[in-house]
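Remarks on the structure that follows.
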Amino acid sequence: MAKMKGLVLSGGKGTRLRPITHTSAKQLVPVANKPILFYVMENLADAGIREVGVVVGDTAQEIEAACGDGSAWGLNLTYIRQDAPLGLAHAVKIAEDFIAGDPFVMYLGDNLLPSGITPLVQEFAERKPEAMILLTAVPDPQRFGVAVLTDDGRVQTLEEKPEHPRSDLALVGVYLFTAQIFEAVNAIKPSARGELEITDAIQWLIDQGREVLPHLVKGWWKDTGKLEDMLDANRIVLEGAEAANLGDVDEESNLIGTVVIEEGAVVKRSLIRGPAIIGKGTLVEDAYIGPYTSIYFGCHIRGSEIEHSIVLENSSILDIEGKVADSLIGKDVVVTRTSVRPHAYKLSLGDHSRVEVI
């Protein structure tokens, strides 16, 4: 089999994560202080893939600025512009020149698969199907592409976001294809949503008698398209972190459990209960940072309590009485208080916001 390439889809608008994604690419929202897209690049590199096409849309400039030429991961990145979000199969279609007949992994840039894809690439090379799809049981299959398997474990049918799912097996956002997929994406028609669905393309392969292998994902996987999924992914990744203190923590502060203090971070008179991570150049003073919290770089947390939350770069939470929890705070945000004492807050704030709570 020819050398495998990668195709990363990073063109989606991220409507389910608004208002954060009004001004930022959803693939660059950090989980445990690392953009989701960087985990994808690491997985591809670990699997021995070197040539990667990145499909980009309206946030192309931001994606390119973050990922550069790919050399940070030992990759060679080629950016492929998708003028409109016309479906996953359309993204495959416009990448045909880049793929140039080689087998490839298609990886959705907002998906987290911490176990990596190396075993999948190896299995694909050994068994030589036309396609391999990753599946996992989910409680809400109507949000995803759904696969129905035969009694002997073969893929029978695929449906995209069915109103009445016939199975709970959702397609994980990683697919492996040979160049036969281009025959399929050129044969199908747009769905009722006006998109070329990858499920229709794979179903076309099945109907043509081509071999499509299912692979049931063991361990966890997250499509980080919603706030709850983003926070859950952050929690799981933090649980696997190793404690490290590269910053400046004074004697009046206490770090309990797995806490990562990145270089240049300063902690004064505060309690941080892990798993948690404090980013570069962040100042935490007279504060409580609770479990499953990621504070990105350049932030200022003062006189406040926060847990099970993600705070993006250069944001401030100042003198808040009550606890900030289950929240995703955008970048360059200021959260402060006025004179009336509150009890608790649940926040999802867009970039460059300022909120005064009463």
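Read-outs throughout are calculated quantities, based only on the coordinates presented, and are distinct from any laboratory measurement. Just so you know, these numbers come straight off a predicted model, no measurement behind them. Don't worry about glycine lacking a Cβ; one is built from the backbone with ideal geometry, like all the others, and counts go over all protein chains shown.
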The ³J(HN,Hα) series, computed from each phi in the stretch 39-45 with the Karplus coefficients 6.51, -1.76 and 1.60 at θ = phi - 60°, rounded to the nearest Hz and given as x for glycine or proline, is 4, 4, 4, 4, 4, 5, 5
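Could you compute the FRET efficiency for Asp286 and Ser115, with r as their C-beta to C-beta distance and R0 at 41 Å, rounded to 0.05?
Numbers: r = 40 Å, r/R0 = 0.97.
In this case the efficiency is close to 0.55.
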The chain: relative contact order in percent, alpha carbon pairs under 8 Å with at least 6 residues between:
13
Given points 7 Å out from each Cα along the Cα-Cβ axis, report the Asp151 to Glu126 separation in nanometres with one decimal.
2.8
Listed by chain and number, the residues whose amide H is under 5 Å from that of Gly145, excluding neighbours fewer than 5 places away on the same chain and using placed H, are Lys161, Leu171
Simple spin-label model, 7 Å along Cα-to-Cβ: Asp140 to Asp69 in nm?
4.2
List the residues, sorted by chain then number, that are 5 or more residues from Tyr79 or on another chain and whose placed amide H is less than 5 Å from its amide H.
Val54
Stretch gain in nm, segment Ala187-Ala244, where the contour uses 0.36 nm per residue and the Cα spacing is subtracted:
15.2 nm
Neighbour net charge for Arg154 - beta-carbon separation under 14 angstrom, K R +1, D E -1:
-3
Which distance in Å, rounded to a whole number, links the C-alpha centroids of the stretch 263-328 and the stretch 158-201?
41
Grab the other residues whose beta carbon is less than 14 angstrom from that of Met41, score K and R as +1, D and E as -1, and report the net.
-3
Taking θ = phi - 60°, what integer Hz values does the Karplus form 6.51 cos²θ - 1.76 cosθ + 1.60 yield along the stretch 173-187, in sequence order, with x for Gly and Pro?
x, 9, 10, 10, 9, 9, 5, 4, 5, 6, 4, 5, 5, 7, 9
For Arg337, distant residues with modelled amide H under 5 Å away
Val357
In debye to the nearest 20, how big a dipole does the chain give about its Cα centre with +1 on each Lys and Arg Cβ and -1 on each Asp and Glu Cβ?
400
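Give me the number: length gained by fully extending Ala179 to Arg50, i.e. 0.36 nm times residue separation minus the C-alpha to C-alpha distance, one decimal in nm.
Numbers: separation 129, 0.36 × 129 = 46.44 nm, distance 1.78 nm.
Value of the extension gain: 44.7 nm.
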How large is ³J(HN,Hα) for each residue in the stretch 128-137, as worked out from phi by the Karplus curve 6.51 cos²θ - 1.76 cosθ + 1.60 (θ = phi - 60°), to whole Hz, x for Gly and Pro?
6, x, 7, 7, 10, 10, 9, 10, 8, 6
Estimated FRET transfer efficiency when R0 is 22 angstrom, pair Glu252-Leu318 (beta carbons, to 0.05)
0.70
